[in-house]
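Reading through the structure tokens given below for one structure.
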Amino acid sequence: NPSKCDIEGAEKVLSTMKYPKVNRVDIAFDFKDVDLSAYQFIDQLGRKRNSWSDGALRLETLYIGAPQSGLRIRIYDKAREQGQEGNWWRVEAQMRGEWVKSINGEFRDEKGGNFNIKPFLMDPFEGLSIKVPDLQKDGVTLQEKALIHYLVTFPESWNELSKPSRLKYKKILARMESNEEIDLSKLFAKKRNDIMYDVQKWLRIAKKNDVIQA
């Protein structure tokens, strides 16, 4: 556990490994002076989600993806967690299973067969839009605006819609113009190479040795 071991200790342990592999990668973005509770998180992939709000219905924590899934995204009020004032939000992506095979240079084809590839890191934020929709813009009917306003104000009401209706209004929200928008995929793309460098740096420590030394 890196939180219980310094860098020197971690390098010593890794240097004894014969077949190193990554089994989990966590990626986090911090947003200071931005209140993400005012934004809509539109998941166009229709994944399972759980959220917690305070007494004023202000978002505190949102999970996208099931606990056992290979990818789970968590958005939460980091300032509140740390007992601090002001706005400090964190968006975390936890990648496991199939999501880390590509990092290890492994991949699986449509028939389930494995083959080797050049290691790369998939975008965990693909399909997720974060925006403050502009309900005053044209292109959406008055009825659609009214329902979207209700869904935005009372997020738990999404569960009252049928699956086709949920998909319909998520698509409408995704294409609506916005007053504010955060493109996580774009931010991730800027850091992808740096993240892969850090991951492979730790793997290279282990690959220097092919036997366990006393």
Report summary line: Expressed in square angstrom to the nearest 10, the accessible area of ASP33 with a 1.4 Å probe stands at 140
**Report entry** Accessible surface of LYS207 - all protein chains present, 1.4 Å probe, nearest 10 Å²
**Finding:** 130
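Would you work out what percent of the accessible area of the chain, with all protein chains in place, is carbon or sulfur (probe 1.4 Å)?
Roughly 49 percent of what the probe reaches on the chain is carbon or sulfur.
Take TRP202, TRP88, TRP52 and sort them by solvent-accessible surface of the protein heavy atoms, 1.4 Å probe, largest at the top.
Output order, biggest surface exposure first: TRP52, TRP202, TRP88.
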Report summary line: accessible surface per residue for the chain, probe 1.4 Å, DNA/RNA/ligands not counted, whole Å² -> 64
Report summary line: Taking R0 as 22 Å and r as the Cβ-Cβ distance between ALA38 and LYS168, the FRET efficiency 1/(1 + (r/R0)^6), rounded to the nearest 0.05, comes to 0.40
Requested in this report: Only bridges with both residues in the chain count here: give the DSSP antiparallel percent, nearest 5.
Outcome: 100
Query raised in the report: Which length gain, in nm to one decimal place, applies between GLN82 and CYS5 when the Cα-Cα distance is subtracted from 0.36 nm times their residue separation?
Result: 25.5 nm
Report summary line: With the charge dipole of segment 83-205 built from beta-carbon charges (+1 for Lys and Arg, -1 for Asp and Glu) about the Cα centre, the Cα from ALA189, TRP89, PRO133 projecting farthest to the positive end belongs to ALA189
Report summary line: In degrees rounded to 10, the 0-90 angle between helix 184-207 Cα long axis and the longest Cα principal axis of the chain is 20
Report summary line: To the nearest 10 degrees, the tilt of helix 142-153 (Cα long axis) against the first principal axis of the alpha carbons of the chain is 50
Query raised in the report: What is the mean projected area of the alpha carbon convex hull for the chain, to one decimal in square nanometres?
Result: 15.7
**Report entry** Student exercise, the chain dipole from Lys, Arg, Asp, Glu Cβ charges, in Debye to nearest 20
**Finding:** 940
**Report entry** Value of [θ]222 nm, deg cm²/dmol, for the chain, DSSP H segments ≥ 4, -39500 (n - 2.57) each, nearest 500
**Finding:** -9000 deg cm²/dmol
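The values are calculated or read from the model by the stated rules, or taken from the named source; none is laboratory data. In this text, all values refer to a predicted model and were calculated from it rather than measured experimentally. Glycine also receives a Cβ, built like all others from the backbone with ideal geometry; neighbour counts cover every protein chain displayed. Please note that ligands, DNA and RNA were not included when accessible areas were found on the heavy atoms of the full protein model with its side chains. Shrake-Rupley method; radii C 1.70, N 1.55, O 1.52, S 1.80 Å.
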